[in-house]
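The values are calculated or read from the model by the stated rules, or taken from the named source; none is laboratory data. None of the values given here were measured: they were computed from a predicted structure. Don't worry about glycine lacking a Cβ; one is built from the backbone with ideal geometry, like all the others, and counts go over all protein chains shown. When the accessible area is computed, the model is the full protein with side chains, heavy atoms only, and any ligands, DNA or RNA have been set aside. Shrake-Rupley method; radii C 1.70, N 1.55, O 1.52, S 1.80 Å.
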Amino acid sequence: MQLTKEQRIFIVVNFFDSNSIQHVQELFQEHFSERNSPSKVTIWKNVRKYKTEGTSLNLNKGRSGRKSTERAPENIEIVHQILLANPDISSRKNGLGKSKSTFNRIVKLELKWHPYKMLRHKLLLGCYKNNDRFQKHAFNPW
């Protein structure tokens with residue numbers, strides 16, 4: 001179970017007062033009787049984090065997880081230039097060696113473009129208005 005903000009502060013303050021991990025464990029048990037005292041390693045890690053980071057709070061938000069190397073600024077610029085040169089490019093055949101999903105993520109999340117495929121229909125307005133079978137047959141013989 002993670003330590004709360006109050007418990008982390010208590011550990012760091014009392015360690016700097018006494019400079020003894022065992023004394024911090026005893027004080028922790030007295031002050032937070034509903035919870036077992038943290039191990040020596042846990043106390044030491046909290047103190048070390050305070051010394052290096054300036055805080056013993058959880059800083060993993062925004063730093064955890066896999067780094068997005070494919071959405072680097074140079075890749076975003078390359079995709080942008082390709083789309084400006086040829087806006088009808090397929091995301092599957094993008095010519096960059098990037099996967100379809102990476103290409104689409106760059107287009108949607110970074111460039112804020114919304115890709116779509118424009119459908120072009122053949123208009124047979126004259127055929128349908130006049131109901132001319134011969135003209136229809138000449139266009140599509142089936």
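Among the residues examined, Arg105 qualifies as open to solvent by 100 Å² or more (accessible area, probe 1.4 Å) and among the basic types (Lys, Arg).
Taken together, the criteria exclude Lys51 from residues that are in contact with a Leu (Cβ under 7 Å, 6 or more places away or on another chain) and open to solvent by 80 Å² or more (accessible area, probe 1.4 Å).
Of all residues in the stretch 72-89, those being part of a loop (DSSP other than H, G, I, E, B) and open to solvent by 80 Å² or more (accessible area, probe 1.4 Å) number 2.
Of all residues in the stretch 1-21, those that are loosely packed, with under 11 Cβ neighbours inside 10 Å and more than 14 Å from Leu57 (Cα to Cα) total 2. Restricting attention to the stretch 28-46, the residues that are in a helix (DSSP H, G or I) and surrounded by fewer than 19 Cβ atoms within 10 Å (Cβ to Cβ) add up to 8. Regarding Arg71, is this residue free of Cβ contacts under 8 Å to residues at least 60 places away in the same chain, of a type in the set (Lys, Arg) and over 27 Å from Gln2 (Cβ atoms)? Judged against the criteria, Arg71 is a match.
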